[in-house]
1. Can you order the peptides 116-127, 295-306 by their average number of other Cβ atoms within 10 Å per residue, highest first?
2. For a quick check, take a GNM of the chain with Cα springs below 10 Å and name the residue from Gly57, Gly231, Gly139 with the largest mean-square fluctuation.
3. Which of the helices in the chain, when you take each full DSSP H run, stretch at least 20 Å along the axis at their Cα atoms and have an average Kyte-Doolittle score of -1.0 or higher?
4. With an 8 Å Cα cut-off and a minimum separation of 6 or more residues, compute the relative contact order for the chain in percent.
5. Once the mean 1/r over all distinct Cα pairs of the range 301-406 is inverted, what Kirkwood radius in angstroms do you read off?
6. Relative contact order for the range 181-300: what percent, with Cα pairs under 8 Å and sequence separation of 6 or more?
7. Among [x] 21, 42, 25, 11, 1; [y] 17, 32, 23, 15, 9, 4, 1, 0; [z] 23, 58, 19, 0, only one was calculated for this model; which label is it, if the read-out is P(r) over Cα pairs in 20 Å bins from 0, in percent?
8. If the cut-off is 15 Å between C-alpha atoms, which aspartates and glutamates fall inside it for Lys435, apart from same-chain ones fewer than 8 positions away?
Amino acid sequence: MLNLKNVLLAALITGSSQVNADDLLLIYQQALQEDPQLKTAEFKVEVGASQKGQALGQLLPQVSATGNLSANKQVGYIAPKSNTSYSGTRYYISLTQSVLDFAKFWEWRKTQEVENQYASELVEAQHGLIFNVVQRYFGVLDAQDQLYLSQQEKQATENELEQVKKQFAKQLIKITDLYEVEARLDQIKADEIQAESSLIIAKQSLKELTNNAPANLDKLRESVDYKELEGNLDDWIAVAKSENPILASQLSAVEAAKDNLSVQKSRYLPVVDLQLNYNDSNTGYQSTQTPVYQTEIAALNVTVPIFTGGTTTHRMYEAQSRLAMSNEENEAKIRALVKETSDAFSASNANARRIKAAEKALYSAVKSREAMQSALKFGVETVADLLRAQQVEYKAKREFSRSKYDYIINRTRFLKAIGAINEENLQEVNGWLVK
């Protein structure tokens, strides 16, 4: 039973039963088909177009027709009494065209801005999906590396424990050295359990985008050139303000709120409609049994709002407050965008420098551990010294590995912030993977 459990756990964590590996572009294509947030944004664009069509329709002629077929009975009570039954038809056609209605015009303008807002939100959803794919893909690779390094460190410590046990049996070292190695091994095993859990969580996070359990993922090549981002940060912030779809969406929301305020103010103004009616009837009326009459009416209707119980005024107050809210949200998003651009730019460049520093630190840590192992044989260093050197080495390996993934994620995050992220960036990063 224990062996079966280990096999199932290994299959879940490593996906070793899968032959073909998935690359970044394949994961992205799966996410395009399955991501519900992107689909929601696409439907919102359709909703915006429909709302604009509805508002435009209110500015166009409104035509209605009514037909009536009736059975009529006329009773006379004056002597001599008379009862008459007959059928009748009535047709009515009406055409109404707005001549002057500012509220309808501004409502149409508002729906145009709402449509623009939804279109920008769709672009943001597309950009967000690309970033999420990159972040979660390399999150899985990072978790795999952390688990692999934990397993490697455990194996190395187990080897050290075997050597220490032999030395202890020969009474060459103290029992405290043996206990220290065992304690370190127990800690590494606990770290390995945590790494296994982190990998499962990372894979589930990626599955959330694609609705497919990720198989083997293509790994990062060793020969990638991690360059710092060029240019001045202030210039990049200016680009972000003009190109980021989140800000474009919010600006459209502000314009829509302004138009909505104009809609409510227009409720105070007169409304002028042109009305054309045609009525054709042969249904009896009063004492006449079967008259036939036709009526044609052309009218210019003027409606002047006088008092609505305060409804119009309070709607205007609400629109003013919503416009103020939109302006404050716009300011908040500008500040957040400036911070996001600055953070991503600085983090990406720091990661590029950190990769070089981590590589040097790893080289030094390996040399230190090797020297400790040699010195231990001659009794110059203790087991505790070797364990610390080994711990430093694997910490350096983890830092070196993670710094690469952090660079890629922060670089992609920066491109998203300035509104320049696209599938070409995804293809570029995909080229950094081992095929």
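1. Working: 116-127: 20.0, 295-306: 9.8.
Going from most to least packed, we get 116-127, 295-306.
2. Answer for the Gaussian network model of the chain: Gly231.
3. Working: long enough: 36-59 (35 Å, -0.38); 102-169 (97 Å, -0.76); 175-210 (53 Å, -0.19); 245-266 (31 Å, 0.06); 311-377 (91 Å, -0.72); 383-417 (50 Å, -0.78).
Span-like helices in the chain: 36-59, 102-169, 175-210, 245-266, 311-377, 383-417.
4. Details: 573 pairs, mean separation 105.1, N = 435.
Here the relative contact order equals 24 percent.
5. On the way: mean 1/r = 0.0508 Å⁻¹.
Every distinct Cα pair counted, the radius reaches 19.7 Å.
6. Numbers: 51 pairs, mean separation 14.8, N = 120.
In percent, rounded to a whole number, it is 12.
7. [y]
8. List returned: Asp22, Asp23, Asp218, Glu222.
Computed from the coordinates by the stated procedures, all read-outs in this text should not be read as laboratory data. Bear in mind the structure is a predicted one, so any value in this text is a computation, not a measurement. We place every Cβ from the backbone using ideal geometry, glycine too, and count neighbours over all the protein chains shown.
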